[in-house]
Amino acid sequence: MVQDKTISSRIFDIVNYTLLSIIGLVTILPFLYVIAGSFTTVTELAQKQFVLFPTVWSLDAYKYVFSTNTVFRSLGVSVGVTFLGTLFSMLLTCLMAYGLSRRDLDGRNFIMFMVLFTMLFSGGMIPTFLVVKEMGLIDTYAALIVPTAINAFNLIIMRNFFQNLPEGLEESAKIDGAGDWGILFRIVIPLSMPAIATISLFYAVTYWNTYMSAILYLNDAAKWPVQVILRQIVILASGLAADTSGMDEFVRPPEQTVKMAVIVIATLPILCVYPFLQKHFAKGALLGSIKG
């Protein structure tokens with residue numbers, strides 16, 4: 001029979017819930033402010049320092065941002081790069097992680113050392129650009145995917161997750177005549193969906209936020225992802241010098257409301273994906289980090 005909580009336990013619960021509620025409120029208030037500000041008129045935003053419920057709702061900022069097909073085209077580019085890039089990265093990550101998780105693989109410690117080395121040192125921007133150029137990837141969407149296809153941190157999490165799976169599963173599969181490919185795609189990957197969902201979210205966020213790679217490798221403004229286009233819109237709205245290639249149709253809008261609308265547009269799509277992966281997120285990240 002469960003005993004009633006003591007007074008000290010109840011006080012602890014009250015203090016705990018209060019602190020967590022305050023922290024949660026402090027965390028979500030900036031998002032609410034940005035969303036409300038994007039729907040606020042310029043006059044009200046100038047008069048009030050903090051707006052959560054606009055007196056007059058306005059869509060001027062969104063009308064400006066979506067006044068041409070430029071933003072829609074860039075959104076399509078970002079969605080395509082995020083989807084294909086995540087699939088490509090997960091395929092390569094799972095293949096390499098599974099190989100490195102096999103204890104009978106010769107030289108796996110040296111390969112892991114090379115993987116860890118890339119987390120501490122990198123070639124730098126110019127050598128990376130030269131490699132991408134020599135591969136013929138300049139001004140192609142592949143330049144946004146191939147150079148960052150495998151993340152060392154994500155690879156280590158997947159490798160550790162694969163190592164934590166019971167060895168008896170593979171042995172049973174081999175007795176039944178399954179090969180390495182069959183074991184990977186029919187047993188290991190289905191059992192690793194929490195980790196795969198978690199790492200997929202990591203990759204998806206990275207590809208969705210692609211900015212520097214697009215600036216370096218894409219010369220054609222029609223191929224820019226949404227993050228680059230939105231930055232150009234903010235600069236244009238601020239009246240600063242900017243590369244306005246493909247953006248001549250825009251007219252200078254209210255600066256502050258456009259900045260907030262841009263933040264909402266850039267953040268909302270990836271936030272819509274997160275709830276579907278949330279139940280796998282903590283489990284996958286923790287199980288993949290138990291032992292190495």
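The values are calculated or read from the model by the stated rules, or taken from the named source; none is laboratory data. Everything numeric in this text was worked out from a predicted model, so none of it was measured. With ideal geometry, Cβ positions are generated from the backbone for all residues, glycine too; neighbour counts draw on all protein chains shown. Ligands, DNA and RNA are stripped out before the accessible areas are found, and what is left, the full protein with its side chains, is counted by its heavy atoms. Shrake-Rupley method; radii C 1.70, N 1.55, O 1.52, S 1.80 Å.
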field: the chain - percent of accessible surface contributed by carbon and sulfur, probe 1.4 Å
entry: 68 percent
Normalised contact order of the range 26-141, rounded percent, pairs of Cα under 8 Å and 6 or more residues apart: 14 percent
- request: Just give me a number: lysine pairs in the chain, eight or more positions apart or cross-chain, with C-alpha atoms less than 27 Å apart.
  value: 9
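Under the rule a/c < 1.5 gives rounded, and otherwise a/b versus b/c splits prolate from oblate, where does the range 15-57 land using the Cα gyration tensor?
Working: a/c = 3.83, a/b = 3.18, b/c = 1.20.
Prolate, because a/c is 1.5 or more and a/b exceeds b/c.
So how many Å³ per residue does the convex hull of the Cα atoms of the chain work out to? Can you show the working numbers first?
Working: hull volume 62.8 nm³, N = 292.
Normalising the Cα hull of the chain by residue number yields 215 Å³.
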- request: Using amide H atoms built 1.01 Å from N in the peptide plane, name the residues 5+ places from residue 40, or on other chains, whose amide H lies under 5 Å from its own.
  value: 58
- prompt: Taking the Cα centre of the chain as origin and charging only Cβ (+1 Lys, Arg; -1 Asp, Glu), how large is the dipole, in debye to the nearest 20?
  reply: 420 debye
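If you place +1 on the Cβ of every Lys and Arg, -1 on the Cβ of every Asp and Glu, and leave all else neutral, what size is the dipole of the range 1-115 about its Cα centre, to the nearest 20 Debye? Spell out each step's value before the answer.
Details: 8 positive and 6 negative charges, 29 e Å.
That gives a dipole near 140 debye.
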message: Quick check: Cα centre of the range 109-147 to Cα centre of the range 44-65, how many Å?
response: 43 Å
message: Tell me the relative contact order for the range 15-57 as a rounded percent, counting alpha carbon contacts under 8 Å between residues six or more apart.
response: 35 percent
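What is the chain's relative contact order, in percent, from Cα pairs under 8 angstrom and six or more apart in sequence? Intermediate results must be reported in sequence, preceding the final value.
Numbers: 292 pairs, mean separation 86.1, N = 292.
With pairs under 8 Å counted, the relative contact order is 29 percent.
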